[in-house]
1. How high is the FRET efficiency between residue 128 and residue 184 when r is their beta carbon distance and R₀ equals 22 Å, given to the nearest 0.05?
2. Assuming 0.36 nm per residue, please report the length gained on full extension of the stretch residue 192 to residue 109 beyond their Cα-Cα distance.
3. Among bridges DSSP assigns within the chain, what percent are antiparallel (round to 5)?
4. On a 0 to 90° scale, report how tilted helix 143-161 is relative to the longest principal axis of the chain, with both axes built from alpha carbons and the result rounded to the nearest 10.
5. As I understand it, the value is the acute angle between the Cα axis of helix 182-193 and the longest principal axis of the Cα atoms of the chain; what does it come to in degrees, rounded to 10?
6. Restricting to the stretch 114-261, compute how many DSSP beta bridges are antiparallel as a %, nearest 5.
7. Can you compute the label reach from residue 42? Point 7 Å from Cα along the Cβ direction, backbone N cut-off under 18 Å, restricted to the stretch 14-36.
8. Helix 42-54 against the longest principal axis of the chain: what's the angle in degrees, Cα atoms only, rounded to the nearest 10?
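Each value in this text was obtained by applying a stated rule to the coordinates, not by laboratory testing. The model shown is predicted, which means the values in this text are computed figures rather than measured ones. All Cβ positions, glycine included, derive from the backbone under ideal geometry; neighbour counts span all protein chains shown.
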């Protein structure tokens, strides 16, 4: 049996018919203590811009709000989907999925309850998003205790508001229980673009639905490994693993060069 090509070889072989979908934090941008300080290095931005000109589809899907992505991924030709696919940037406008609208009052209630209970806790930060609310404890002096507290409070608030509690790396998020996640968002992109080859890169629990879509469609599931913070479930579904964001930045640059060379040969 012929070995399967690497993701770079497969994508670069048919650049115009290839799709690359990426998470932001922990994939394009290094993980930082302050979520607002997250940024894509210049080298990765340059590789992404090069790939957007060559590949058929390049997209970024993140749990971050679409407005945040529009500021941090200002790369022409890259599709932006925020809040796990519940938001999209369309013609420069941030558009919220209609299924989310009925849950906005519940999200607002959750924000208030979380702020009252956790707002004064050292190192715990509440991130307000258009369609959800997230509580981070990366900056807490005792991460274990802070995580236990946040999860307990978030579970109580979820029960009261009927929102979905979704865990991540040192973060717990409450979001509407609608049938939208990174998996459905990626499936929608694939269905519309119908690429010959597709790859998705992620690093957190919220990426698992998209990585599973890669397996279902014959695509490539790429995982960025951050050591002890990486859930074993991510590694279990990975086709290829990269040790940290710098290693993935190197991969992105290599893909851009390989795709550029393929275009020049044609």
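1. Once rounded, the FRET efficiency stands at 0.40.
2. Extra length available between residue 192 and residue 109 comes to 26.3 nm.
3. Antiparallel: roughly 50 percent of the beta bridges in the chain.
4. Value to nearest ten degrees: 80.
5. 30 degrees
6. Counting only bridges with both partners in the stretch 114-261, antiparallel ones make up about 60 percent.
7. Answer for this model: 29-30.
8. 60 degrees
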